[in-house]
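Here's the structure, in structure tokens; my notes come after.
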Amino acid sequence: KLQQEIQAKPKAYPFQEILYCNIGNPQSLGQKSITFFREVLALCDHPAILAKSETQALFSVDSIERARKILDQIPGRATGAYSHSQGIKGLRDTIAAAIEAHDGFPADPNDIFMTDGASPALLIRSEKDGILCPIPQYPLYSASIALHGGTLGLEVSELKKQLQEAKSNGITVRALIVINPGNPTGQVLAEENQKAIVEFCKEEGLVLLADEVYQENVYVPEKKFHSFKKVARSMGYGEKDIHLVSFQSVSKGYMEVTGFGADVREHIYKLASVNLCSNITGQILASIVMSPPKVISFAI
């Protein structure tokens, strides 16, 4: 409303511009986009320019090489078409390899589902299903839970109390959402804390929904990010011990689904198929984020 009023009457307020800080839009506040990402996306979206001589001068060698490799993985070499509902296999291969290199434990590309956004709603059947979500939290989680008729739990320090209270009210708690590093607070969980969370979810039979979107945003030198999958595997818990869904995103991204039976995975695939597929440009970007150009050191 304010924006419309400013446009209609520029002198109505002592300011002429509104900066939208309500969601994660750093580029709208002046943050520059990453050149490599934009160059690769541009070349993939318009591959005809790869054959032009001017391209060699305008784009980096790394970007051209990566774009060619990605286009070879896309059926029809076209970003404007639909892909496999789970995501382009070659891009999922890249992401799985990056996860394995980062965590030190195996990752299966068949566990990767490319997404246009992460949501815990796939676990909700009715208003009698609940999801524990520590506060403060990403507002779209609570909105998504409410949209699908679920019930939201609060306060990480009182998880057991909340769980028992929910049960006494006839609510079946099905999952715990943990955002690490935190959004919006930016805290990084200690590894011992993560182990306690893994144990809690295992004992109570809860799906652990690990929102790890901010994993690169660790600014305190003594703090270190550990994925929940890495923590769970280091504790000796494998596929049959804990249900874990790990999320990574640059607005568009992927979820890694582990510890679920074939029947559940089939339902997840069906849900993904309802939307045909996530957009291919977003799939490409997710694969690039997980596998950026490598820094090479050499002696002269």
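Are there any pairs, at least 6 apart or on different chains, whose C-beta atoms fall under 7 Å, with the first in the range 277-294 and over 14 Å from LEU43 (Cβ atoms) and open to solvent by less than 10 Å² (accessible area, probe 1.4 Å) and the second at pLDDT below 90 and among the aromatic types (Phe, Trp, Tyr), and if so, which?
Once the first residue is over 14 Å from LEU43 (Cβ atoms) and open to solvent by less than 10 Å² (accessible area, probe 1.4 Å) and sits in the range 277-294, its partners that are at pLDDT below 90 and among the aromatic types (Phe, Trp, Tyr) give ALA286/TYR254.
Under 6 Å by Cβ, and 6 or more places apart or on different chains, what pairs join a residue from the range 183-207 that is outside the structural domain of GLN164 (by the TED database) and modelled with pLDDT of 90 or more with one that is surrounded by fewer than 17 Cβ atoms within 10 Å (Cβ to Cβ) and in a helix (DSSP H, G or I)?
none
For the range 1-28: of the residues being over 22 Å from the mean Cα position of the chain (by Cα) and not in a loop (DSSP other than H, G, I, E, B), which is nearest to LYS69 (Cα to Cα)?
GLN3
So which residues in the range 249-270 are in contact with a helix residue (DSSP H, G or I) (Cβ under 7 Å, 6 or more places away or on another chain) and within 26 Å of PHE200 (Cα to Cα)?
Listed by number, the residues that qualify are TYR254, GLU256, VAL257, THR258, ILE268.
Considering only residues that are under 23 Å from GLY76 (Cβ atoms) and touching a residue at least 24 places away in the same chain (Cβ under 8 Å), look in the range 47-63 and name the one that is surrounded by the fewest Cβ atoms within 10 Å (Cβ to Cβ).
PRO47
For the range 35-46, state whether one or more residues are assigned to a loop (DSSP other than H, G, I, E, B), modelled with pLDDT of 90 or more and loosely packed, with under 14 Cβ neighbours inside 10 Å.
Within the range 35-46, one or more residues are assigned to a loop (DSSP other than H, G, I, E, B), modelled with pLDDT of 90 or more and loosely packed, with under 14 Cβ neighbours inside 10 Å.
Within the range 97-118, count every residue that is part of a helix (DSSP H, G or I) and charged (D, E, K, R).
3
Taking the residues in the range 208-218 that are open to solvent by 30 Å² or more (accessible area, probe 1.4 Å) and of a type in the set (A, V, I, L, M) as candidates, determine which candidate is modelled with the lowest pLDDT.
VAL218
Name the residue that is farthest from PHE247 (Cα to Cα), counting only residues in the range 167-178 that are open to solvent by 20 Å² or more (accessible area, probe 1.4 Å) and touching a residue at least 24 places away in the same chain (Cβ under 8 Å).
GLY170
GLY282 passes all but one of (1) in contact with a Lys or Arg (Cβ under 7 Å, 6 or more places away or on another chain); (2) outside any helix (DSSP H, G or I); (3) closer than 30 Å to GLN73 by Cα; (4) not charged (D, E, K, R); which number fails?
Single failed check for GLY282: (2).
For residues in the range 179-208 being in a strand (DSSP E or B) and in contact with a Leu (Cβ under 7 Å, 6 or more places away or on another chain), which is nearest to VAL264 (Cα to Cα)?
VAL207
Out of LYS252, LYS202, LYS240, LYS195, report the one residue that is basic (Lys, Arg) and exposed (fewer than 14 other Cβ atoms within 10 Å of the Cβ).
Only one candidate qualifies: LYS240.
The values are calculated or read from the model by the stated rules, or taken from the named source; none is laboratory data. Keep in mind the model is a prediction, meaning the values are calculated, not measured. Here Cβ is always computed from backbone atoms with ideal geometry, including for glycine, and neighbour counts include all displayed protein chains. Note: areas computed on protein heavy atoms with side chains; ligands, DNA, RNA excluded. Shrake-Rupley method; radii C 1.70, N 1.55, O 1.52, S 1.80 Å.
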